[in-house]
Amino acid sequence: MKPCMNQRRAEWAEKSLKLFCKETGVSMEHDGYETVISDFLANLMHLADREKVSFAECSIRADGHYVEEVTHCDCEECPQPEDQERPISEGSVKGGLNPRPTTPPPPPPKGQGA
């Protein structure tokens, strides 16, 4: 049986996180994966800002890639998307990132319109 490609993808990501930990001083053992991944994602947001790339669009695209990769994997190790808590896709448009809801500003008081 050939190795699961998604497990290899996870290994590549983990190698990147280990380098990030070495550079920043955070630790997966001490701080936990959730904290390290969150910090790394925040740094990717800064990179996206600097390079004028929409992080939200990248997240939407990444979510689509993830769902496609997991859905078409036939190994028993990979969880299926419906088996997971999926905060990015839940209730989202086009199956991607759901930005914070915004409400339109209230109308100006009568007599002070534009």
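Here are the numbers for this structure:
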| read-out | value |
| --- | --- |
| Selection count, segment 1-44, where residues are β-branched (Val, Ile, Thr) and farther than 20 Å from Cys58 by Cα | 3 |
| Qualifying positions in segment 1-31 - surrounded by 12 or more Cβ atoms within 10 Å (Cβ to Cβ), assigned to a helix (DSSP H, G or I) and of a type in the set (Ser, Thr, Tyr) | Thr24 |
| Cross-chain or 6+ apart pairs with Cβ under 7 Å, segment 35-64 first and of a type in the set (A, V, I, L, M), then in a helix (DSSP H, G or I) and modelled with pLDDT under 95 | Val36/Met28; Ile60/Lys94 |
| Any chance Asp63 is part of a helix (DSSP H, G or I) and modelled with pLDDT under 95 | yes |
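The values are calculated or read from the model by the stated rules, or taken from the named source; none is laboratory data. Since the model is a prediction, treat every value here as computed from it, not as a measurement. Neighbour counts are summed over all protein chains in view; Cβ atoms, including those assigned to glycine, are modelled from backbone coordinates with ideal geometry.
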